[in-house]
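Everything on this sheet refers to the single structure shown next.
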Amino acid sequence: MPRTTPRTTPRPRARFASLLVCLAACPAIAEVELPMVFSHRMVMQRDAPAPVWGTAAAGEGVQVSIGGQRHEATADGSGRWRVTLDPLSVGEPLTLRVSGDQTDEPVVVRDVLVGDVWICSGQSNMEWPLSRSRDADLARMSADRPQIRLLEVDQLGCQEPLGDIDQAWKVCSPEAAESFSAVGYFFGVQLNEALDVPIGLVRNAWGGSACEAWAPMDRLEGNEAFADYLRQWREREAEHDEAALRADYAERLAEFYERRDAAYAAGEPLPERPWVNNPLFGQNRPANLYNARVLPLAPMAIKGVIWYQGESNAGRHASYRELFATTIRAWRDAWGQGDFPFYWVQLADFRDEARSAAEASDWAHLREAQSQVADDLPATGQAVIIDLGEANDIHPQNKRDVGLRLARLALADTYGKGLEGRSPRFDSLETDGTAAVAVFRRVAGKLCTFDGVAPRGFAIAGEDKRFYPAEAETIDKNRIKLTSPEVDRPVAVRYGWANNPRVNVYDSQWLPLTPFRTDDWSDEEVTY
């Protein structure tokens, strides 16, 4: 009988070798193995070359077959092999078979769907489960969706590249969906319904994670913008005996896999995976998550990435534009698929509602950096949710609309479905004596307000760099006139420039106007 592996019970030897980060020499590889991204019920990316890789005995010939294709490779001196499948098309479920010249039984992966695979990454707002989101009970009632498959990535952070993950694919069901990313789920449901193709979603997020943790070390080192953060971490690392910590974790993890295998075989409840409450294993250490959670997935063929992160970097907003762009470029390089789509969620409104039209705000600066990256890099875009946040909760409960705005971006830009996916953006400023006129682009239909009153959330300043609330008037579909009795000759405009601004401007698709400023003045120069 063929071996139907990878399975939900990973072989301790293979998992131990990849997760313990080379603290000891890996045992000799004696049979063909696949990483857990190739497990039963997976989704393989349609209409694109699809790498399949794994391990075998050094020099062993490996044969890979699926959907009438057959490819061969030879394991290199370290036992690694890789083939690239010809593009697959959507159709009936397939079976992936991998065999080796020195292996008695092939590895068999069943119920493989062909569709679109999206990585769902970032920090807690992407990790946030469906069960804790608004109207979770209603969403659960319709979550039996066999054409959507879910994969979760949960490794602890590491400074060395890992070769595998610890979970297997699941069919989307009410039980599987309730612990999955709510944003990712609603995004995937909308794509599945609009495109009528299988959707694979990979939840790869960790609450509180810093963007620096998702970037490779060689892109961070030597860049003055990141020097202080790296220096702080070098000092923290010196306070711990990492070798001893890793060795202890290696023993615990090996024992865990033995107990888990036994529990599976006996049909008993599974033990909890061991955890290490130490910052060296965590989500803020530079490169930790790139090594432990990004590299094990690459070069699996994907359609794109959705991302919800930035809260943890607000205090370092000055470097975020370069950092985030560096991270995106590094991910694209790791996958080797070119400029695949990379869409993110701009930070929501949060904390006490602003008393003025503009105020000092780290979050406003972070949002600006996110908008700048959308201009800097191709095949990127952001879902603006300045209207969906909650003053007293950094985790807004309305994840449905967040997922739908990301889906709108993808359907418009990636799939070419002929709808507007992007929020209106500031384009230019016209000044005429005592008035300033802000001109906007990417306006679907016309600008309007959700509450039927004049636009609010605007502030203007003169040469003295002191901002005052502006009286705003929409004068045509994409222009807003701004005045203030306190400003004789306005030279700068800000909109939504606060942690939690009072704003009300949308376009006809009910996409909110993107917060912006027309000046580049430092916080020290400005008065509110």
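The values are calculated or read from the model by the stated rules, or taken from the named source; none is laboratory data. Everything numeric here is computed off the predicted structure, so don't read it as measured data. Note that we place each Cβ from the backbone using ideal geometry, even for glycine, and neighbour counts take in every protein chain shown. These area figures cover heavy atoms from the full protein model, side chains too; ligands, DNA and RNA do not enter into them. Shrake-Rupley method; radii C 1.70, N 1.55, O 1.52, S 1.80 Å.
For beta carbons closer than 6 Å, sequence separation of 6+ or different chains, a first residue in the range 244-259 that is open to solvent by 30 Å² or more (accessible area, probe 1.4 Å) and a second that is of a type in the set (A, V, I, L, M), the qualifying pairs are ALA247/LEU23.
Exactly one residue out of VAL171, VAL109, VAL114 is open to solvent by 40 Å² or more (accessible area, probe 1.4 Å), farther than 24 Å from GLN309 by Cβ, touching a residue at least 60 places away in the same chain (Cβ under 8 Å) and assigned to a strand (DSSP E or B), and it is VAL171. Taken over the range 205-214, residues that are open to solvent by less than 10 Å² (accessible area, probe 1.4 Å) and out of contact with any Leu (no Cβ under 7 Å at 6 or more places or on another chain) amount to 2.
Taking the range 439-472 as the range and being open to solvent by 60 Å² or more (accessible area, probe 1.4 Å) and assigned to a strand (DSSP E or B) as the test, the residues that pass are ARG441, ARG466, PRO469, GLU471.
Answer yes or no as to whether ASP101 is touching an Asp or Glu at 6+ places or on another chain (Cβ under 6 Å), surrounded by fewer than 19 Cβ atoms within 10 Å (Cβ to Cβ) and over 22 Å from LEU406 (Cβ atoms).
Yes, satisfied.
When ALA358, ALA330 are screened for being out of contact with any Cys (no Cβ under 8 Å at 6 or more places or on another chain), farther than 30 Å from VAL52 by Cβ and touching a residue at least 24 places away in the same chain (Cβ under 8 Å), only ALA358 passes.
Of the residues in the range 473-483, not one is buried (at least 21 other Cβ atoms within 10 Å of the Cβ), in a loop (DSSP other than H, G, I, E, B) and touching a residue at least 40 places away in the same chain (Cβ under 8 Å).
Among the residues of the range 267-281, those that are touching a residue at least 12 places away in the same chain (Cβ under 8 Å) and open to solvent by 10 Å² or more (accessible area, probe 1.4 Å) comprise PRO271, ARG273, PRO274, TRP275, VAL276, ASN278, PRO279.
Those residues that are among the polar types (S, T, N, Q) and either at positive phi or in contact with an Asp or Glu (Cβ under 6 Å, 6 or more places away or on another chain) (or both), I need them from the range 435-481; list them, please. Residues satisfying the conditions do not exist here. When ARG502, ARG441, ARG456 are screened for being of a type outside the set (A, V, I, L, M), more than 16 Å from HIS365 (Cα to Cα) and over 31 Å from the mean Cα position of the chain (by Cα), only ARG456 passes. Hey, could you check the range 117-167 for residues that are part of a strand (DSSP E or B) and touching a residue at least 60 places away in the same chain (Cβ under 8 Å) and say which is surrounded by the most Cβ atoms within 10 Å (Cβ to Cβ)? My answer is SER121. Look at ALA354 and say whether it is on the phi < 0 side of the Ramachandran plot and either out of contact with any helix residue (DSSP H, G or I) (no Cβ under 9 Å at 6 or more places or on another chain) or among the basic types (Lys, Arg) (or both). Yes, satisfied.
For the range 229-243, the set of residues classified as open to solvent by 90 Å² or more (accessible area, probe 1.4 Å) and either assigned to a helix (DSSP H, G or I) or farther than 16 Å from ASN277 by Cα (or both) consists of ARG231, ARG234, GLU235, ARG236, listed by residue number. Among all positions in the range 325-347, there is no residue which is among the small types (Gly, Ala, Ser), out of contact with any Asp or Glu (no Cβ under 9 Å at 6 or more places or on another chain), part of a helix (DSSP H, G or I) and crowded, with 20+ Cβ neighbours inside 10 Å. Here the condition is being open to solvent by 20 Å² or more (accessible area, probe 1.4 Å), aliphatic (A, V, I, L, M), in a helix (DSSP H, G or I) and without any contact (Cβ under 8 Å) to a residue 60 or more places away in the chain; of ALA262, ALA225, it holds for ALA262 alone. The residue that is nearest to ILE460 (Cα to Cα), counting only those in the range 360-386 that are open to solvent by less than 50 Å² (accessible area, probe 1.4 Å), of a type outside the set (S, T, N, Q) and part of a loop (DSSP other than H, G, I, E, B), is ILE386. Residues in the range 75-83: is at least one among the hydroxyl-bearing types (Ser, Thr, Tyr) and not in a loop (DSSP other than H, G, I, E, B)? Checked the range 75-83: no residue is among the hydroxyl-bearing types (Ser, Thr, Tyr) and not in a loop (DSSP other than H, G, I, E, B).
Tallying residues that are touching a Cys at 6+ places or on another chain (Cβ under 8 Å) and not in a helix (DSSP H, G or I) within the range 181-209 yields 6.
Hey, could you check the range 424-438 for residues that are part of a strand (DSSP E or B) and of a type in the set (Val, Ile, Thr) and say which is surrounded by the most Cβ atoms within 10 Å (Cβ to Cβ)? Filtering first and then ranking leaves VAL437.
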